[in-house]
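Let me begin by presenting the structure, written as structure tokens, before commenting on it.
Nothing in this text is a laboratory measurement; each read-out follows from the coordinates by a stated rule. Keep in mind that what you see is a predicted model, and the values were worked out from it rather than measured. When we count neighbours, we look across all protein chains shown, and the Cβ atoms used for this are built from the backbone with ideal geometry, even at glycine.
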Amino acid sequence: MKKIKFLVVALLLMSRFVAGDIYEGVVVDTLQGGGYTYLHIEDAKKKYWIAVEGVLIEKGMEVRFTEEMRVKNFESKSLHKTFDEIVFASNLQYRTKASTSANLALITELVKHSPYQQKDTVSIAEALNDRVKLAGKTIKIRGKVVKFSQNIIGRNWIHIQDGTGIENEVGRIVFTSKDANVKVGDIVTAIGVVSVDKNFGSGYIYKIIVEDATFQK
């Protein structure tokens, strides 16, 4: 951790500092060099590299981390490699060994109108835009289960997309449930109570999350 902090200070004048932003994705490749582990991360938007203090992480692992510094054209002398852009990260957490076919099936094409929406449901975009108004209310969203993480801090975490989003990005909303009989790829109507700016601790912070959810196919 001390190495990361020192590197953050050293590179401050040549990069853009972003404090506290939390990201998650799946590791698709790893490199080791100079006491650091370089992880090639894939998420809903793109693939990119991060660097953390040396750790053993396998391909296919789901990770969550805090961004400390983002640097363009970074040269690793130990790897003899220049990265177009790299994120120096801290607070690395890993959760499950993910199979991209069984545990992750993200929608990457942005659409204006959800193909799954019904009369009594809202779209992902509508929920994201109206999150403050929806706080404490029960909502229904129909969409595709794109990720399912089981039994993390006593809950199942079901990620749902419908192709809509905000700011030119496909949105995603997480539903928590203690008993969810769904799997990645299922089209479901998810029903639950909206919470905003929810902090579960251990880096689990959500601008919007739907809790105590039930699911109808």
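Counting neighbouring beta carbons within 10 Å and listing from fewest to most, the residues His159, His113 come out as His113, His159. With contacts taken as Cα pairs under 8 Å at a separation of at least 6 residues, the stretch 124-216 carries a relative contact order of 31 percent. By the count of neighbouring beta-carbon atoms within 10 Å, fewest first, Thr176, Thr138 end up ordered Thr138, Thr176.
Close amide H contacts of Val55 (hydrogens built in the peptide plane, cut-off under 5 Å, sequence separation of 5 or more or a different chain): Thr37. Cβ-to-Cβ counts within 10 Å put Glu67, Glu85 in ascending order as Glu85, Glu67, the fewest first.
Under 5 Å from the amide H of Thr164 lie the amide H atoms of Val111, Ile124, Ala125, Gly171, each residue being 5 or more positions distant or on a separate chain, with H modelled from the backbone and absent for Pro and chain starts. If R0 equals 35 Å, the separation of the Cβ atoms of Gln150 and Thr82 corresponds to a calculated FRET efficiency of about 0.35.
Between the amide H of Tyr116 and any residue lying 5 or more places away or on another chain, no distance stays under 5 Å, with hydrogens modeled in the peptide plane. Derived scalar couplings between HN and Hα for the stretch 65-81 equal 7, 9, 6, 9, 7, 10, 10, 9, 6, 8, 9, 9, 5, 5, 9, 6, 9 Hz in order, rounded to whole Hz, by the Karplus curve 6.51 cos²θ - 1.76 cosθ + 1.60 (θ = phi - 60°), x for Gly and Pro.
Expressed in Å, the radius of gyration and Dmax of the Cα atoms of the stretch 127-215 are 12.1, 33. Each of Gln32 and Leu110 was given a label point 7 Å from its Cα along the Cα-to-Cβ line. The distance between the two points is 4.0 nm. For the stretch 183-200, the Karplus equation 6.51 cos²θ - 1.76 cosθ + 1.60, evaluated at θ = phi - 60°, returns couplings of 9, 4, x, 5, 9, 9, 9, 9, 10, x, 9, 7, 10, 10, 6, 8, 10, 8 Hz by residue, with Gly and Pro reported as x.
The residues packed around Asn129, meaning those with a beta-carbon under 15 Å from its beta-carbon, carry a net charge of +1 if Lys and Arg are +1 and Asp and Glu are -1. Backbone phi angles across the stretch 27-32, fed through the Karplus curve with coefficients 6.51, -1.76 and 1.60 (θ = phi - 60°), yield HN-Hα couplings of 6, 10, 7, 9, 9, 10 Hz in residue order; Gly and Pro are listed as x.
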